[in-house]
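Beneath this line is the structure, given in structure tokens, with notes to follow.
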Amino acid sequence: MLIGIGLTTTIGQLLLTHGYRNAPASSVGIFTYTSVPFGTFLGWLFWNELLDKNSYLGGILIVLAGVIVLRTKIIQRQSD
């Protein structure tokens, strides 16, 4: 299990580094916060941790911020 975690983490870090190399940090950086909802989901899935209102609200805000950033970047590219 620890080897799987190490491999997955290494691959994730390499992909994140590749993303920072190929896109502006403002576009990639927001997605580092997705670890919070993913971690919450995995906690629920494997350990039956219950979510409270703040967890749901935080996850929604993170996803919403990512969508807003992406839409803003798309609009900026279209206007250029």
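Of all residues in the stretch 1-31, which are of a type in the set (Phe, Trp, Tyr) and either outside any helix (DSSP H, G or I) or under 22 Å from residue 59 (Cβ atoms) (or both)? Selection gives 31 alone. So which residues in the stretch 66-80 are under 23 Å from residue 12 (Cβ atoms) and modelled with pLDDT under 85, if there are any at all? Residues satisfying the conditions are 66, 69, 70, 73. Only residues that are within 14 Å of residue 27 (Cα to Cα) and either part of a loop (DSSP other than H, G, I, E, B) or without any contact (Cβ under 8 Å) to a residue 12 or more places away in the chain (or both) were counted in the stretch 41-63, giving 0. Restricting attention to the stretch 1-54, the residues being among the charged types (D, E, K, R), surrounded by 11 or more Cβ atoms within 10 Å (Cβ to Cβ) and under 21 Å from residue 73 (Cβ atoms) number 0.
The values are calculated or read from the model by the stated rules, or taken from the named source; none is laboratory data. Because the structure is a prediction, the values reported are computed rather than measured. Here Cβ is always computed from backbone atoms with ideal geometry, including for glycine, and neighbour counts include all displayed protein chains.
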